[in-house]
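Take a look at the structure below.
The values are calculated or read from the model by the stated rules, or taken from the named source; none is laboratory data. These figures come from a predicted structure and were not determined experimentally. Cβ placement follows ideal geometry from the backbone for every residue including glycine, while neighbour counts extend to all protein chains displayed.
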Amino acid sequence: MEPPDGRWGWMVVLGVAITNMTNQSMVSIFSLLYGDRILSMGHGTTGAAIIMNLMSAVTNFSGFVIGPMIKQFSYRKAAYVGGILVATGVMLTSTARYMWQMIITYSCLAGLGLGLLNPATFVAVNSYFNYHRGRAVGLGLAGTGLGQMAMPLIVRALMDEFDFEGTVLILGALSLHSLVGASLFQPVEWHLLPDTPKLEAVKLPIERILENRRKSSCALDESDIDVSIFCPDNNFNKNIKKQTESRSAGFWSRIVDLMDLDLLCDPVFVNLALGLALVYTAGINFSLIFPFFLLDTAGLSRAQTALCMSVLACADISCRLLLPQVTDRIKAPSRIVFLIGAVSLAAVRSITAETRDFYKLLTISMINGFVRGSTVVNLNLSLSEYCSNEKKLPAAIGINMIAKGIGILSFGPMIGWLRDVTDSYPLCIHTMSALMFVSMLSWIIEMIYTK
């Protein structure tokens, strides 16, 4: 049996788009929605940064549980749990009066929910598609982009009609649409299609004879009678020690099997996961720095800055929708597309750092957004392409999420320290571009070595 590569799979894509639109896009409205509340608590930008960084860490370090969870249960149940956690966390945040309460409700609960939703939605799409996988993933991710464009308008409209508590409660209820989306994640076994019949090679007579001999040998081995004489073992303590060691080894082997940690023994996978994590980390830090670069270094007005960021977002969504149509048709490897996109993105961002003219920045922002879309679409697809065993895919995504969490906690503060010491946003952008170049160079060296 083989996946339908469409049919009900497109309903799964619709469910992913709904889930992303009402949940993943929540992160983009944090400052708009919670900024005044954090200021009223007596905390400024530092407090907001702590809450967001902790949320990002919880989201990515949920990779420790997402692999075993999907493996033991299903991507549908993981999506249900994730959606409930996000909605609960957002709703409880409406009652938060202190920063530690927001850390518990928003950073921990909502962050953990988002960490479960992202892998669950990807595994759901991945299980339904083979040939149109890139197109399906792109359509699902487009929901995030549409949500990021619509959510600020929704928040503004709600805050004009309701107070802070009412707005947050309504947004929490809106995030429950993820349960509707997850309901569309039917088990792929319900929709499998028969394999295309293949002709089997006809066995030659000599092959039949050898096969019969092997079967006879196996039967003889199984029916052999044990006539060995029992001899008492004088090394009783040694045997007990061996049994204890074997039990300990058995426990750790079960942990390894449950979390598929044997993936870490594959140097190609480790190189792949680290490269994806470093590019992701550089992207997160660029998104934080880019508005300040436009305002402070390039000297743009707030209206011009908003226009550049809107153009970048629109180009990103366009790439998520259009690029998979091409790559699926020409059967381009996802990892190669990601490699080209990451190298191009690093170059474009370095050019951005040296540009000051508004119209040039507007054009570069469009290119930046389109190229960024190519990396977003192909990030998890690169893992899926390498992990041909679908049972190991959730664990592979979980390990990559952990690597992203480590990258954010390691390089995020370093970029902030570099900015404070040098007072230069362009230098920070160049540093992140260099990080991307180095990670992709390791990919190229590995590809040449293993070719």
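Would you be able to say whether some residue in the range 124-140 is among the aliphatic types (A, V, I, L, M), farther than 20 Å from Gly398 by Cα and either out of contact with any helix residue (DSSP H, G or I) (no Cβ under 7 Å at 6 or more places or on another chain) or buried (at least 18 other Cβ atoms within 10 Å of the Cβ) (or both)?
Looking for residues that are among the aliphatic types (A, V, I, L, M), farther than 20 Å from Gly398 by Cα and either out of contact with any helix residue (DSSP H, G or I) (no Cβ under 7 Å at 6 or more places or on another chain) or buried (at least 18 other Cβ atoms within 10 Å of the Cβ) (or both), one finds at least one in the range 124-140, hence yes.
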Val326 vs (1) at pLDDT below 90; (2) not in a helix (DSSP H, G or I): all pass except (2)
So for the range 83-93 (the condition being under 21 Å from Asn380 (Cα atoms) and assigned by TED's automatic domain parsing to the domain that holds Thr19), does at least one residue qualify?
yes
Restricting the search to the range 62-95, which residues are among the hydrophobic types (A, V, I, L, M, F, W, C), touching a residue at least 40 places away in the same chain (Cβ under 8 Å) and surrounded by 21 or more Cβ atoms within 10 Å (Cβ to Cβ)?
Ile66, Met69, Ile70, Ala78, Ala79, Val86, Ala87, Val90, Met91
Among the candidates Lys451, Lys404, Lys392, single out the residue that is without any contact (Cβ under 8 Å) to a residue 40 or more places away in the chain and basic (Lys, Arg).
Lys451
I need the full set of residues from the range 398-436 which are within 22 Å of Gly341 (Cα to Cα) and surrounded by fewer than 16 Cβ atoms within 10 Å (Cβ to Cβ), in order please.
Leu427, Ala434
I'm trying to understand the selection: among the residues of the range 340-359, which are farther than 19 Å from Met309 by Cα and either at pLDDT below 90 or crowded, with 22+ Cβ neighbours inside 10 Å (or both)?
Gly341, Ala342
Report, ordered by the first and then the second residue, all pairs with beta carbons closer than 9 Å, sequence separation of six or more or different chains, a first member in the range 259-287 that is among the aromatic types (Phe, Trp, Tyr), and a second member that is not in a helix (DSSP H, G or I).
Phe269/Cys387
Could you tell me which residue of the range 177-201 is surrounded by the fewest Cβ atoms within 10 Å (Cβ to Cβ), considering only residues that are modelled with pLDDT under 85 and touching a Gly at 6+ places or on another chain (Cβ under 9 Å)?
His191
Number of positions in the range 5-27 that are surrounded by fewer than 19 Cβ atoms within 10 Å (Cβ to Cβ) and of a type outside the set (A, V, I, L, M, F, W, C)
3
Go through the range 296-312 and report how many residues are in a helix (DSSP H, G or I), more than 17 Å from Leu427 (Cβ to Cβ) and touching a helix residue (DSSP H, G or I) at 6+ places or on another chain (Cβ under 6 Å).
5
